[in-house]
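Structure first, commentary second.
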Amino acid sequence: MSTLSERILNAPAGEYVDRKVDRAFACDGTGMLALEAWKNMGASHLAGETEFHIFFDHIAPANNTTAATLQHELREFAKSSFMNFSDVGGGICHQLMGEGIVLPGEIVIGADSHSVTLGAFGAFATGVGATDMAAIWLTGETWLRVPASVGIHLEGRFAGAAEAKDLALAYVGELGTDGATYQALEFIGDGAKDLSIDERMVLSNLSIEAGAKAGLFYADDITVRYLRERGHTVKPQLPESCTYTKDIEFDLSDIVPLVAVPHRVDTVKPVDELAGLPLDQVFIGTCTNGRYSDLARLARIVKGKKVAVRTIVVPASASVLIQAIRTGVLADIVEAGCTVGTPGCGPCLGAHMGVLGEEEVCLSTANRNFKNRMGVGGEIYLSSVATAAASALEGEITAPEVA
Amino acid sequence: MQGEGRAICLPADIDTDVVIAGRYLRTKDRSIWASHVFEDLDPGLAHRLKGAIIVAGKNFGCGSSREQAAIAIKEAGVVAVIAPTFARIFFRNAINVGLPLIEADLDCTDGSLIKFNLAQGIVEVSGNRHKVRTLSPRMQEILGAGGLVEYWRKHR
């Protein structure tokens with residue numbers, strides 16, 4: 001009996017395998033390095049059977065001449081080599097791959113660490129660096145060590161103001177930043193069945209923050225329905241009994257709003273312990289929490305009120321932005337005093353659109369709070385959307401009210 | 001593959017943002033990465049790395065997939081990195097750019113002489129021998145070629 005990773009990779013944990021990659025994607029940052037490596041390999045054309053994608057999301061639009069020039073070169077390559085190409089404003093690679101591209105059972109490799117997000121669809125999705133990506137462009141294959149898996153057993157439903165992000169911070173806190181190194185996470189149990197695709201993507205997204213190679217959900221009726229709405233007919237994946245290296249259990253009704261404090265994602269505290277901490281910036285967005293359901297939740301909390309601190313909102317994709325415009329969610333957000341940026345990664349990696357000043361404090365819905373990540377001397381706290389929204393209204397860390 | 005160098009001790013959980021900050025990523029000039037490597041940890045460290053072997057705590061290279069982190073360490077002249085565990089993307093990136101990694105939990109004293117033989121899985125610290133886990137045959141092959149670019153130039 002096998003874990004889902006073992007089934008998809010068709011080999012037992014611990015074995016080194018060469019596998020054809022179904023879908024491979026890179027972004028503006030890793031793509032330019034991959035292109036250089038690919039040229040240096042002496043390559044002239046792309047491998048045949050893999051679907052290739054390039055997404056401009058990390059520093060898009062470009063913030064200076066150097067970035068713009070490098071992006072120009074990559075854009076021309078993507079077009080001339082007939083890769084699927086998403087330009088400035090299209091959105092974040094992981095979000096777009098999750099809007100009806102990645103299917104259950106596929107092997108998906110992204111040149112970005114948060115590629116694990118796509119495990120939400122029952123795919124084996126993991127991140128690599130630029131040169132590994134270049135080799136996939138060349139061969140359509142990569143080598144992998146089949147991971148053993150940690151079982152994250154979920155029961156119950158969220159109660160109170162807690163949401164998927166709080167559960168994600170809870171499991172990273174429990175496992176630690178290297179608790180699942182070289183391993184995959186599998187999210188299973190009755191509690192997993194009730195989670196929406198958006199919630200699953202949040203939980204898969206944070207698996208890299210525990211060092212995991214992948215974070216998988218079994219495709220079920222919710223996955224089948226989501227993909228059917230996007231034109232795909234897929235079958236659910238039925239779990240087999242299997243052995244995990246470690247089993248962790250969470251009752252979702254016990255989860256409370258949490259905050260990860262600088263400079264580690266695994267240092268989490270209940271939001272109540274940090275209440276009153278003054279903020280200079282609130283950031284809502286990223287591949288963790290920039291989806292339509294996140295923007296709608298933000299709007300519900302801030303509608304008719306005014307934020308007390310600069311609040312930057314960055315939709316994860318153009319379709320998220322369009323939906324927020326059509327439903328009026330965006331107007332509510334902007335009327336409340338938030339500002340909205342181009343769909344993409346926004347200030348998450350500290351390159352543009354909301355870099356922190358020295359000693360400034362940001363509450364962010366992103367997934368990393370490493371030292372100096374959003375600017376030298378700035379401090380990053382991580383939370384859910386509800387906590388970020390409630391805190392934006394007060395200008396200090398504030399526990400969210402029960403919806 | 002064999003090598004030797006003087007130890008530089010670093011803590012656990014060094015993330016790739018600390019190895020090379022996001023603000024230096026948008027260039028292809030490797031000397032820029034080398035001169036700013038570990039800047040947010042210790043601004044003077046970049047200039048002490050030539051010929052050094054980094055001996056770090058667990059989970060070295062966690063976080064972002066940025067290959068510039070492995071390139072910066074190599075370009076700064078580091079001979080090898082030793083740690084009890086590495087984050088997996090950094091592990092692949094380092095091998096792919098030709099930077100040797102050794103999984104070992106060693107007591108570290110700055111400046112001690114370290115010698116290693118990767119094929120035999122041996123590390124010698126100030127004359128004391130330690131048997132360590134060897135890299136997979138594929139990784140040894142990639143490293144032996146000088147990195148994944150050179151590997152594929154040869155194998156195509």
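Inside the range B:12-43, residues that are over 18 Å from the mean Cα position of the chain (by Cα), more than 7 Å from every other protein chain (Cβ to nearest Cβ) and either over 25 Å from residue A:68 (Cβ atoms) or of a type in the set (Ser, Thr, Tyr) (or both) make up a count of 2.
Residues in the range A:341-352 that are touching a Phe, Trp or Tyr at 6+ places or on another chain (Cβ under 9 Å) and either modelled with pLDDT under 95 or within 28 Å of residue A:275 (Cβ to Cβ) (or both): A:346, A:347, A:348. Considering the range A:1-92, the qualifying helices (runs of 4 or more DSSP H), each wholly inside and each with 3 or more residues that are within 25 Å of residue B:23 (Cβ to Cβ) and at pLDDT 95 or above, run over A:28-40, A:65-80. The set of residues in the range A:42-61 that are surrounded by fewer than 23 Cβ atoms within 10 Å (Cβ to Cβ) and touching a residue at least 12 places away in the same chain (Cβ under 8 Å) comprises A:43, A:45, A:46, A:47, A:48, A:49, A:50, A:51, A:52, A:53, A:61. Kindly provide the set of residues from the range B:133-150 that are assigned to a loop (DSSP other than H, G, I, E, B) and at pLDDT below 95, ordered by number. Once the filter is applied, which keeps residues that are assigned to a loop (DSSP other than H, G, I, E, B) and at pLDDT below 95, the range B:133-150 yields B:133, B:134, B:135, B:136.
Considering (1) surrounded by 22 or more Cβ atoms within 10 Å (Cβ to Cβ); (2) at pLDDT below 95, the lone condition that residue A:199 does not fulfil carries the number (2). When residue A:126 is tested against (1) under 19 Å from residue B:85 (Cβ atoms); (2) over 13 Å from the mean Cα position of the chain (by Cα), exactly one condition is not met: (2).
Filtering A:66, A:3 for residues that are farther than 30 Å from residue A:323 by Cβ and crowded, with 24+ Cβ neighbours inside 10 Å leaves a single hit, A:3.
Exactly one residue out of B:78, B:55 is in contact with a Cys (Cβ under 6 Å, 6 or more places away or on another chain), more than 14 Å from chain A (Cβ to nearest Cβ) and either more than 22 Å from residue A:348 (Cα to Cα) or surrounded by 24 or more Cβ atoms within 10 Å (Cβ to Cβ) (or both), and it is B:55.
Set side by side, the residues A:179, A:173 differ, and just one is over 18 Å from residue A:13 (Cα atoms) and modelled with pLDDT of 95 or more, which is A:173. When residues in the range B:85-104 are screened for being touching a residue at least 40 places away in the same chain (Cβ under 8 Å), within 13 Å of chain A (Cβ to nearest Cβ) and not hydrophobic (A, V, I, L, M, F, W, C), 2 of them pass.
Would a scan of the range A:135-153 turn up a residue that is without any contact (Cβ under 8 Å) to a residue 60 or more places away in the chain, buried (at least 21 other Cβ atoms within 10 Å of the Cβ) and touching a helix residue (DSSP H, G or I) at 6+ places or on another chain (Cβ under 9 Å)? Can you show your working first?
Filtering the range A:135-153 for residues without any contact (Cβ under 8 Å) to a residue 60 or more places away in the chain gives none.
No, the range A:135-153 contains no residue that is without any contact (Cβ under 8 Å) to a residue 60 or more places away in the chain, buried (at least 21 other Cβ atoms within 10 Å of the Cβ) and touching a helix residue (DSSP H, G or I) at 6+ places or on another chain (Cβ under 9 Å).
Output yes when any residue across the range A:12-32 is over 18 Å from the mean Cα position of the chain (by Cα), away from every other protein chain (no Cβ under 14 Å) and of a type in the set (Lys, Arg), and no when none is. Yes, the conditions are met somewhere in the range A:12-32.
Looking at the structure I just gave you, is residue A:126 touching a Ser or Thr at 6+ places or on another chain (Cβ under 8 Å), within 14 Å of another protein chain (Cβ to nearest Cβ) and assigned to a strand (DSSP E or B)? Spelling it out, residue A:126 is indeed touching a Ser or Thr at 6+ places or on another chain (Cβ under 8 Å), within 14 Å of another protein chain (Cβ to nearest Cβ) and assigned to a strand (DSSP E or B).
Looking only at residues in the range A:33-75 that are β-branched (Val, Ile, Thr) and within 12 Å of another protein chain (Cβ to nearest Cβ), which one is nearest to the chain's Cα centre (by Cα)? Once the filter is applied, the top-ranked residue is A:59.
So that you can scan it fast, the table gives a plain yes or no per residue for (1) in contact with an Asp or Glu (Cβ under 9 Å, 6 or more places away or on another chain); (2) surrounded by fewer than 17 Cβ atoms within 10 Å (Cβ to Cβ); (3) charged (D, E, K, R):
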site: B:3; (1), (2), (3): no, yes, no
site: B:14; (1), (2), (3): no, no, no
site: B:20; (1), (2), (3): yes, no, no
site: B:33; (1), (2), (3): yes, no, no
site: B:42; (1), (2), (3): no, yes, yes
site: B:62; (1), (2), (3): yes, no, no
site: B:73; (1), (2), (3): no, no, no
site: B:85; (1), (2), (3): yes, no, no
site: B:89; (1), (2), (3): yes, no, no
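Within the range A:364-387, work out how many residues are more than 26 Å from residue B:24 (Cβ to Cβ) and within 17 Å of the chain's Cα centre (by Cα). Number satisfying all stated conditions: 3. Is it true that some residue in the range B:122-135 is within 16 Å of the chain's Cα centre (by Cα), within 14 Å of chain A (Cβ to nearest Cβ) and in contact (Cβ under 8 Å) with a residue 40 or more places away in the chain? Looking through the range B:122-135, at least one residue is within 16 Å of the chain's Cα centre (by Cα), within 14 Å of chain A (Cβ to nearest Cβ) and in contact (Cβ under 8 Å) with a residue 40 or more places away in the chain.
The values are calculated or read from the model by the stated rules, or taken from the named source; none is laboratory data. None of the values given here were measured: they were computed from a predicted structure. Note: ideal-geometry Cβ built from the backbone for every residue, glycine included; neighbour counts use all protein chains shown.
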